[in-house]
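The values are calculated or read from the model by the stated rules, or taken from the named source; none is laboratory data. The structure presented is a predicted model; accordingly, all values stated were derived computationally and were not measured. Methodologically, a virtual Cβ is constructed for each residue, glycine included, from the backbone with ideal geometry; neighbour enumeration extends over all protein chains shown. Remember, those area values only see protein heavy atoms, side chains included, never the ligands or the DNA or RNA. Shrake-Rupley method; radii C 1.70, N 1.55, O 1.52, S 1.80 Å.
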Amino acid sequence: MTDVEARAALAREIDATCRLTGTFVLRSGRTADEYFDKYRFEADPRLLDRVAAQLAPLVPTDTEVLAGLELGGIPVVTALGRHTGLPCAFVRKNAKPYGTARLAEGAELVGRRVLVVEDVVTSGGQVVISTGQLRELDARVEHALCVIDRAEGGAQTLAGHGVTLRALFTRADLEAHRVH
């Protein structure tokens, strides 16, 4: 199987595994008849491993630490770390108020080139917030990586904050390989 065929097969499997039909209330309050449940690919070890293998070549060569964002970025960054050999950090939405009281656990971030890893990017809002917080900790963040870019302005939002987004798939990629 060629790389192109393997990528197409992975897109089909992710779409088939994660696309649900029914009635769903979205975060915006809008109702949809279709929903993409990203946790279904993150909870399947074999599928997640294939995702990470395809993501690994997209990691910038100067990356020193992979930083997964709570919650969906955590399993992705852990699997990606296995394929790249890079240390990982697990980034909370807010620093916990007890114990270590840290925003990020795991690998040291100060002064290091950090790649922010997320499962799905829509508006890019959480990546922007987390990138700002990581930069306050003296992490050097110029890139973010996601499994799926929903192509709803996230890449442009991130670019406005000095972050280049790389995505394994866009919503259009999943649609193009969808089995009807």
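What accessible area per residue, rounded to a whole number of Å², is obtained for the chain using a probe radius of 1.4 Å?
Details: 9340 Å² over 180 residues.
The answer is 52 Å² per residue.
Out of the trypsin sites (Lys or Arg not before Pro) in the range 66-98, which ones are loop residues according to DSSP with at most 16 other C-beta atoms within 10 Å? Taking the range 66-98 and a limit of 16 other Cβ atoms within 10 Å, the loop trypsin sites (Lys or Arg not before Pro) found are Arg92, Lys93.
Summing Lys, Arg as +1 and Asp, Glu as -1, what charge do residues with Cβ under 15 Å from the Cβ of Ala43 carry, Ala43 excluded?
On the way: positive: Lys38, Arg40, Arg46, Arg50; negative: Glu13, Asp37, Glu42, Asp44, Asp49, Asp119.
Computed value for this residue: -2.
With a cut-off of 13 Å between beta carbons, the residues surrounding Ala172 carry a summed charge of -2, where Lys and Arg count +1 and Asp and Glu -1.
DSSP loop chymotrypsin sites (Phe, Trp or Tyr not before Pro) in the range 39-106 with at most 12 other Cβ atoms within 10 Å of their Cβ, which ones? Please list the in-between numbers first.
Working: sites: Tyr39, Phe41, Phe90, Tyr98; in loops: Tyr98.
Filter output for the range 39-106: Tyr98.
Potential lengthening of the chain between Arg46 and Met1 amounts to 14.4 nm, from the contour at 0.36 nm per residue minus the alpha-carbon distance.
Note on the range 121-180: percent of Cα-Cα distances in each 5 Å bin, starting at 0 and stopping at the bin with the largest distance, equals 4, 20, 28, 20, 12, 8, 4, 3, 1, 0. Note on the chain: GNM, Cα springs under 10 Å; of Thr23, Thr131, Thr157, the largest mean-square fluctuation is that of Thr23. From the alpha carbon centroid of the range 76-102 to that of the range 128-146 is 13 Å. Pair-distance distribution P(r) for the chain, from all Cα-Cα distances in 10 Å bins starting at 0: 10, 38, 36, 15, 2 percent. The GNM of the chain, with springs linking C-alpha atoms under 10 angstrom apart, assigns the highest mean-square fluctuation among His83, His161, His143 to His161.
Only helical runs count toward this figure. For the chain, summing -39,500 (n - 2.57) over DSSP H runs of n ≥ 4 and dividing by all residues gives -11000 deg cm²/dmol at 222 nm. In a fully extended conformation the segment linking Phe24 and Gln156 would gain 44.8 nm over its present Cα-Cα distance, using 0.36 nm per residue. Label-to-label distance for Lys38 and Glu64 is 2.7 nm, based on points extended 7 Å past Cα in the beta-carbon direction.
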